[in-house]
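These notes concern the structure reproduced below.
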Amino acid sequence: MSKENDYQDLDDWNDADIDDDEQNNDSLLDSIKGRKDARRQVDDLLEERRLRAQMIDEF
């Protein structure tokens, strides 16, 4: 019976560790997506500025 409890404890600990890893992975993915979105916004702003500067130069 003691071995069964030990195995159950290890199984519970392993499940908790897996859950933590999954949450960390989700957080990392969210962070990466956020950075990609921010980079797109910056690229869009830079393109807008470039186009404005080009229009000013043409006048």
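With the charge dipole of the chain set up from +1 on Lys and Arg Cβ and -1 on Asp and Glu Cβ about the Cα centre, the Cα lying farthest toward the positive end among the listed residues Y7, M55, I32 is that of M55.
In deg cm²/dmol and to the nearest 500, what is the mean residue ellipticity at 222 nm of the chain if only DSSP H runs of at least 4 residues count, each as -39500 (n - 2.57), divided by the residue total?
Details: 1 runs with 57 residues, N = 59.
Counting only the DSSP helices, I get -36500 deg cm²/dmol.
A simple rule links phi to the HN-Hα coupling: the Karplus curve 6.51 cos²θ - 1.76 cosθ + 1.60 with θ = phi - 60°, which for the range 4-10 gives 4, 5, 4, 5, 5, 4, 5 Hz, with x for Gly and Pro. Within the accessible area of the chain, the carbon and sulfur atoms contribute 51%, probe 1.4 Å, all protein chains present. Shown here for the chain: trypsin sites (Lys or Arg not before Pro) in loop regions (DSSP other than H, G, I, E, B) with at most 12 other Cβ atoms within 10 Å, of which there are none.
Report, in debye and to the nearest 20, how large the dipole of the chain comes out about its Cα centre when Lys and Arg carry +1 and Asp and Glu carry -1 on their Cβ.
Values: 9 positive and 20 negative charges, 192 e Å.
Roughly 920 debye, rounded to the nearest 20.
The values are calculated or read from the model by the stated rules, or taken from the named source; none is laboratory data. Everything numeric here is computed off the predicted structure, so don't read it as measured data. Please note: Cβ atoms are built from the backbone with ideal geometry, for glycine as well, and neighbour counts cover all protein chains shown. Surface accessibility is based on the protein's heavy atoms, side chains included, excluding ligands, DNA and RNA. Shrake-Rupley method; radii C 1.70, N 1.55, O 1.52, S 1.80 Å.
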